[in-house]
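Engineer: My questions will all concern the structure given below.
The values are calculated or read from the model by the stated rules, or taken from the named source; none is laboratory data. What you are looking at is a predicted structure, and each value in this text was computed from that prediction instead of being measured. Reconstructed Cβ throughout: ideal geometry from the backbone, glycine too, with neighbour counts over all protein chains shown.
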Amino acid sequence: MDYEAIGLKAGLEIHQQLDTEEKLFCHCPTVLRDIKERNSEFHRFLRATVSELGEMDRAAEEEMMAQRRFTYYAYDTTCLVEDDEEPPAPLNNEALEIALTIAKLFGMTPVEEVHTMRKLVIDGSNTTGFQRTALVALHGRLPGGCRLDSICLEEEAAQRVDDRTFSLDRLGIPLVEISTAPCLRTPEEVQEVAEYIGMVLRSTGRVKRGIGTIRQDINISIRGGARVEIKGVQELDLIADAVKGEVKRQLALLAIKDELLSRRAAVMEEFRDVTPLFSETGSKILKKAPCILAVFLQEFGGLVGREIQPGRRLGSELADYAKKCGVGGIFHTDELPAYGISEGEISRLRVELRASEGDCIVLVAGERERAECAARQVMKRAKLALVGIPEETRRMLGEGESTAYLRPLPGAARMYPETDVFPVRLTPPEWEAIEVPELLSVRAERFVRDLGLDPAVARQIAYSDRIGLFEAAVSEGIRPSVAARTLASTLRELKRDGIKVDGIGDREILELFRMVESGRLAKEAIPSVLKSMAGGKSLEDAIQEVAPPMTEEGLEALIDRIVRERESFVRERGRRALGPLMGVVMAEARGRVDGKVIASMLGRAIDRITGGDERRLNTEGKRIDENA
Amino acid sequence: MMRALSGSRVRCRVGDQDLEGVYITEREGRAVVKLSSGYNIGIDIARLEVIGPSPETVLPLARIEQDPDLPECSIISTGGTIASRIDYRTGAVTSQFSAEDILRAIPELTSIARYNAIQVSTILSENMNIAIWQRLAHAIHDEIERGVRGVIVMHGTDTMAFTASAISFMVPAPVPIVFVGAQRSADRPSSDSAMNAICSAVAAVSGLGEVSVVMHDTTSDDRCAIHRATRVRKMHTSRRDAFQSIGIPPLGYVEYPSLKMTLSSGVVRRGERALSLQTEMEPRCALLLFAPGMPPDILEGYHGMKGLVISGTGLGHVGSDWVPVIRELIDGGTHVVMTSQCLHGRVCDRVYDTGRDLLAAGVIEGEDLLPEVALVKLSWILGREEGPEEVSRLMQQSLRGEICRRSIHGL
Ligand SMILES: [Zn+2]
């Protein structure tokens, strides 16, 4: 596809949780909890506030269509601030410092004074009904020429447990929101920039890791189309496909629009109650519905059922709008007869509405009020199809290219100051004092250059969670190859096999490296020791289990056997056989007995064969009984 | 150069780029500018360039229809904010006091009653005083005399319990007088203001016949409690359920959103009390919290006061070195009432020596009066009565349900 020709413009909004001690506006820890650990729950309604223009934010208005009672789960790690029962604490300075560090990494300009705002969000995910957010810095640079618009410091929303239930553990965790200008031109470029931004964020070493800690929203438009935001893409690998999918959808909708216009299609202003027509229907949904309404889409025939994305039709878009009223979905004549609705019922429906084959009829069913709401929503969306593409926020469906409607794109007029939080002045000396960490990409290059690591391994290490461990190990003299192999391959392989290695602490792994470096343990034993530690054993116990130290008798027997097997060699070389034989013994006893002990015992064994002077041994090594 | 006015369009340079926005205000020598993204930033005021005048704003406000068939209630505002409007252009939040504005913000009210809105003051509740109580009492009295079915008083929560108890003494009435406020500001979607107001309207048209405070019962938006004005206290700085009845259960509840109302058996019913108005209050009264080691000469500052309520320790005690000074005060004409800082429970100065000495000195035992209520009541009694025996008798007699004859267990 020639993305330049169709005028693709895309931008990214990346949300990254910060790994701070405390939350952004209270002193609770930033830990996630199991909902089973909740110690109380409470219920709230949210109502949209009306702006001065008497105009409710359109996203907010849609949420208000059904007054919803939300349930919140609280924990011993949440407080009255999350409950919206106490004014917020001052802006968390640690979080601000991390945001400034990131801003500096992107070459941004900090604002002189940071003002915390309230951004209206009444979907229940914020107990207050708004999200606290503050603009920290502006105008950054990206490789490839695209620009960053801004970086904001925000509070994370509560985690949705189900439709109307939220868990407060996540609410208030600091996150940065990084927005690029809409200057990305291909799906691949969008994905690359997302990867780059992610790398820069992780370079600080102060962002949270793991699933759900980073989310990317993508803004996409094509010429003649509309700005659409795809929310919460969690996997980087899905970004390019998401962009491609949205381009496909917009092109298909534009084609549908052109065809509708050439057919002089129209949406009838009235919907019709057709409940009696389905009194004997085979459709369970229609049969139990107290009210069935028909929306007449003149000259829409065939287009409502046309695919616009894999598994998605114009009909799916109509259904998404209708579902906002609490109905399960819609039926439309492009897909009928089916679902128990008969040919005869369709014919009678067409007669009743005086519709021809070129028209499409949409059915919504449910309680009257809901059905009427849904019918109006279908009409609203169908009319938008005649104009083009509505500006929307959409969500990814599974791992494919397809998305579903979430809500209208929020208008700009939904922010007002958070008067409970004082502004924070940023002075030039404070900005100067922010230390800029080494980028992970630069670090990987350094590992290749200075440590001789393979570039792929170097990258893996630099980007891994164990980067701190690696740097510490190398700086105290652990061989980089051993550390790199363990961290880049061994741990990954074990994890792939389902072994829970994430629980093994950096400190224990460093101690393991020291054991290997000192010869107590063979490096070949590392995977088995890690596996044993993942099973809950301490390092000591794991080593004991994997490579038990050899007993004196065992070592004696081993040495005896080796010396006897090479008796002629020993007789020939005498004491000079010690060096070569050390290698042989070490290969078998390796990592389990100290080298000096082996040398001493081996020397005596040689002497026994050659009749040499035992006392000389003391100059070469301690006697084994002194050493025990 | 044009001067920046609130709402002026301005340009400023941040880094190497020009930004446009709307000038909001000046704050500590720094301009607050709202950028087109909606974010505010603070910026050196000298770096602003005004590029255009403030655009006109029009207010196409929805008309509010009141149902003439519903009973009429009065909404009297003292400055507590139940409804507010946000100007997203400037971020300014303004409190709304007209009936129209309140009903536009809380349209559910229109299905409960029709309303006449009166504003007696626009003060922060900590600036409340006797003069405003008296104005409020007159306004309430006049509305009830005019025939309204109930009165809703919107009040800041900090001193709402004081005002509600003052009105209890000043305006005995046959109809409900309901005080309501909000703990979380009305400009937030989660505010308790709308639900509290709706529940207060339900209480205002109900069969209740006394002065009450209607606020959230729990942290959830599940029900409001109706508290007797003379037994209620703000017990939390910020929680929605800050108001608690002390020593008695709440008078009733209003479930939300069903608006089902239940009243307890012991409440004063609509029509039981006749309307009257007695607004005189003695301003020279004070409330003093005793703490261990407080020097007795502090009391010298209270010489010349007409009334003093002491919030004493436990059963109603002060350090024994206070007793002679208190005796001097009483001999000098100050009426001294003892209450307890325990809040829960009854004062009894007959158990320990200090208590007996206080009684001998002429201190009036304040029964289980809440200290604040004791102050309001003393001030109201002293507005008409001077005789020590009569003052003492009235202080120990329940006039508006402020004293419980029995201390009920389980509360
Ligand atoms: Zn907290």
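Engineer: Exactly one of (1) hydroxyl-bearing (Ser, Thr, Tyr); (2) within 25 Å of B:MET160 (Cα to Cα); (3) in contact with a helix residue (DSSP H, G or I) (Cβ under 6 Å, 6 or more places away or on another chain) is unmet by B:SER340. Its number?
Structural biologist: That leaves (3) as the condition not met.
Engineer: Test of understanding: among B:VAL347, B:VAL351, B:VAL373, B:VAL323, which residue is crowded, with 22+ Cβ neighbours inside 10 Å, more than 25 Å from B:ILE132 (Cα to Cα) and of a type outside the set (Phe, Trp, Tyr)? Working first, answer last.
Structural biologist: Working: B:VAL351 fails: crowded, with 22+ Cβ neighbours inside 10 Å; B:VAL373 fails: more than 25 Å from B:ILE132 (Cα to Cα); B:VAL323 fails: crowded, with 22+ Cβ neighbours inside 10 Å.
Among B:VAL347, B:VAL351, B:VAL373, B:VAL323, only B:VAL347 is crowded, with 22+ Cβ neighbours inside 10 Å, more than 25 Å from B:ILE132 (Cα to Cα) and of a type outside the set (Phe, Trp, Tyr).
Engineer: Follow-up question, since we're still on this one. Among the residues of region B:271-309, write down those that are within 17 Å of B:GLY332 (Cα to Cα) and of a type outside the set (A, V, I, L, M).
Structural biologist: Residues of region B:271-309 that are within 17 Å of B:GLY332 (Cα to Cα), as a first pass: B:282, B:284-286, B:296-309.
Within region B:271-309, B:GLU282, B:ARG284, B:CYS285, B:PRO296, B:ASP297, B:GLU300, B:GLY301, B:TYR302, B:HIS303, B:GLY304, B:LYS306, B:GLY307 qualify.
For (1) closer than 30 Å to A:VAL457 by Cα; (2) crowded, with 16+ Cβ neighbours inside 10 Å; (3) touching a strand residue (DSSP E or B) at 6+ places or on another chain (Cβ under 7 Å), each residue gets a yes or a no:
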position: A:GLY503; (1), (2), (3): yes, no, no
position: A:LEU521; (1), (2), (3): yes, yes, no
position: A:ILE526; (1), (2), (3): yes, yes, no
position: A:GLU540; (1), (2), (3): yes, no, no
position: A:GLU588; (1), (2), (3): no, no, no
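Engineer: If we keep just the residues of region A:74-87 that are within 11 Å of another protein chain (Cβ to nearest Cβ) and assigned to a loop (DSSP other than H, G, I, E, B), which is nearest to the ligand (Cβ to nearest atom)?
Structural biologist: Out of the qualifying residues, it is A:VAL81.
Engineer: If we scan region A:131-139, do we find a residue that is within 16 Å of the ligand (Cβ to nearest atom), outside any strand (DSSP E or B) and in contact (Cβ under 8 Å) with a residue 24 or more places away in the chain?
Structural biologist: The answer is no; no qualifying residue exists.
Engineer: Hey, which of the strands (runs of 3 or more DSSP E) in region B:1-55, taking only ones fully inside, have at least 2 residues that are in contact with an Asp or Glu (Cβ under 7 Å, 6 or more places away or on another chain)?
Structural biologist: B:9-14, B:40-44
Engineer: If you don't mind, another one. Can you find, within region A:88-109, the residue that is farthest from the ligand (Cβ to nearest atom) among those that are free of Cβ contacts under 8 Å to residues at least 60 places away in the same chain and small (Gly, Ala, Ser)?
Structural biologist: Among those that are free of Cβ contacts under 8 Å to residues at least 60 places away in the same chain and small (Gly, Ala, Ser), it is A:GLY107.
Engineer: For the list (1) away from chain B (no Cβ under 14 Å); (2) buried (at least 17 other Cβ atoms within 10 Å of the Cβ); (3) in a loop (DSSP other than H, G, I, E, B), I need the number of the one condition that A:PRO410 fails.
Structural biologist: (1)
Engineer: Also: Inside region A:64-73, can you point out the residues that are more than 16 Å from the ligand (Cβ to nearest atom), within 14 Å of chain B (Cβ to nearest Cβ) and in contact (Cβ under 8 Å) with a residue 40 or more places away in the chain?
Structural biologist: Filtering region A:64-73 down to residues more than 16 Å from the ligand (Cβ to nearest atom) leaves A:64-71.
Keeping just the survivors that are within 14 Å of chain B (Cβ to nearest Cβ) gives A:64, A:66-71.
Result: A:MET64, A:ALA66, A:ARG68, A:ARG69, A:PHE70, A:THR71.
Engineer: Of A:PRO182, A:PRO174, which residue is more than 27 Å from A:PRO87 (Cα to Cα) and not β-branched (Val, Ile, Thr)? Walk me through it before giving the result.
Structural biologist: On the way: A:PRO174 fails: more than 27 Å from A:PRO87 (Cα to Cα).
From the options A:PRO182, A:PRO174, the qualifying one is A:PRO182.
Engineer: Of the residues B:SER193, B:SER200, B:SER206, which single one is free of Cβ contacts under 8 Å to residues at least 60 places away in the same chain and in the same structural domain as B:PRO250 (by TED's automatic domain parsing)?
Structural biologist: On the way: B:SER193 fails: free of Cβ contacts under 8 Å to residues at least 60 places away in the same chain; B:SER206 fails: free of Cβ contacts under 8 Å to residues at least 60 places away in the same chain.
Sole residue among the options that is free of Cβ contacts under 8 Å to residues at least 60 places away in the same chain and in the same structural domain as B:PRO250 (by TED's automatic domain parsing): B:SER200.
Engineer: Residue check, B:ARG327 against (1) modelled with pLDDT of 95 or more; (2) within 29 Å of the chain's Cα centre (by Cα); (3) over 14 Å from B:TYR352 (Cβ atoms), all met but one. Which one?
Structural biologist: Here B:ARG327 clears every test but (2).
Engineer: Within region A:152-159, is there a residue that is within 14 Å of another protein chain (Cβ to nearest Cβ), touching an Asp or Glu at 6+ places or on another chain (Cβ under 9 Å), in a loop (DSSP other than H, G, I, E, B) and modelled with pLDDT under 95?
Structural biologist: no
Engineer: Give the number of residues within region B:153-196 that are out of contact with any helix residue (DSSP H, G or I) (no Cβ under 9 Å at 6 or more places or on another chain), away from every other protein chain (no Cβ under 14 Å) and either among the small types (Gly, Ala, Ser) or within 13 Å of B:MET215 (Cβ to Cβ) (or both).
Structural biologist: Result for region B:153-196: 1.
Engineer: Right, another one. Take the residues in region A:110-151 that are acidic (Asp, Glu) and within 23 Å of the chain's Cα centre (by Cα), then tell me which one is farthest from the other protein chains (Cβ to nearest Cβ).
Structural biologist: Per the criteria, the residue is A:ASP123.
Engineer: Here are the criteria: (1) modelled with pLDDT of 95 or more; (2) closer than 30 Å to A:TYR416 by Cα. Tell me which single one B:VAL175 does not satisfy.
Structural biologist: Failed condition: (2).
Engineer: Restrict the check to region B:133-147 and report whether at least one residue is in a loop (DSSP other than H, G, I, E, B), more than 20 Å from B:GLY383 (Cβ to Cβ) and touching a helix residue (DSSP H, G or I) at 6+ places or on another chain (Cβ under 9 Å).
Structural biologist: no
Engineer: Further, regarding this structure: Looking at A:ARG202, A:ARG206, can you tell me which residue is more than 21 Å from A:ARG147 (Cα to Cα), in contact with a helix residue (DSSP H, G or I) (Cβ under 9 Å, 6 or more places away or on another chain) and basic (Lys, Arg)?
Structural biologist: Details: A:ARG202 fails: more than 21 Å from A:ARG147 (Cα to Cα).
One residue alone meets the criteria, A:ARG206.
Engineer: Among the residues of region A:530-589, count how many are more than 53 Å from the chain's Cα centre (by Cα) and either in contact (Cβ under 8 Å) with a residue 40 or more places away in the chain or part of a helix (DSSP H, G or I) (or both). Even if it seems obvious, please write down each step before you answer.
Structural biologist: In the first step, residues of region A:530-589 are kept if they are more than 53 Å from the chain's Cα centre (by Cα); the result is A:552-553, A:556-581.
Keeping just the survivors that are either in contact (Cβ under 8 Å) with a residue 40 or more places away in the chain or part of a helix (DSSP H, G or I) (or both) gives A:552-553, A:556-565, A:567-581.
Total meeting the criteria: 27.
Engineer: While we're on this one: Within region A:83-138, track down each residue that is acidic (Asp, Glu) and out of contact with any strand residue (DSSP E or B) (no Cβ under 7 Å at 6 or more places or on another chain). Walk me through how you get there before you give the answer.
Structural biologist: Of the residues in region A:83-138, the ones acidic (Asp, Glu) are A:83-86, A:94, A:97, A:112-113, A:123.
Once the filter is applied, which keeps residues that are acidic (Asp, Glu) and out of contact with any strand residue (DSSP E or B) (no Cβ under 7 Å at 6 or more places or on another chain), region A:83-138 yields A:ASP84, A:GLU85, A:GLU86, A:GLU94, A:GLU97, A:ASP123.
Engineer: Something else about it: Answer yes or no: is there a residue in region A:496-519 that is part of a helix (DSSP H, G or I) and over 30 Å from A:PRO549 (Cβ atoms).
Structural biologist: yes
Engineer: Going by what's in this entry, would B:GLU26 be described as more than 10 Å from every other protein chain (Cβ to nearest Cβ), among the charged types (D, E, K, R) and over 14 Å from A:LEU138 (Cα atoms)?
Structural biologist: For B:GLU26, the condition - more than 10 Å from every other protein chain (Cβ to nearest Cβ), among the charged types (D, E, K, R) and over 14 Å from A:LEU138 (Cα atoms) - is met.
Engineer: Answer yes or no: is there a residue in region A:176-184 that is in contact (Cβ under 8 Å) with a residue 12 or more places away in the chain, within 16 Å of the ligand (Cβ to nearest atom) and in contact with a strand residue (DSSP E or B) (Cβ under 8 Å, 6 or more places away or on another chain). Reasoning before the result, please.
Structural biologist: Narrowing region A:176-184 to residues in contact (Cβ under 8 Å) with a residue 12 or more places away in the chain: A:176-184.
With the extra rule that they be within 16 Å of the ligand (Cβ to nearest atom), the set shrinks to none.
No, region A:176-184 has no match at all.
Engineer: May I ask you to list the residues in region A:1-24 that are within 14 Å of the ligand (Cβ to nearest atom) and out of contact with any Asp or Glu (no Cβ under 6 Å at 6 or more places or on another chain)?
Structural biologist: Selection gives A:GLU21, A:GLU22, A:LYS23.
Engineer: Just wondering, is there one or more residues in region A:32-48 that are crowded, with 22+ Cβ neighbours inside 10 Å, within 16 Å of the ligand (Cβ to nearest atom) and modelled with pLDDT of 95 or more?
Structural biologist: Taking every residue of region A:32-48 in turn, none turns out to be crowded, with 22+ Cβ neighbours inside 10 Å, within 16 Å of the ligand (Cβ to nearest atom) and modelled with pLDDT of 95 or more.
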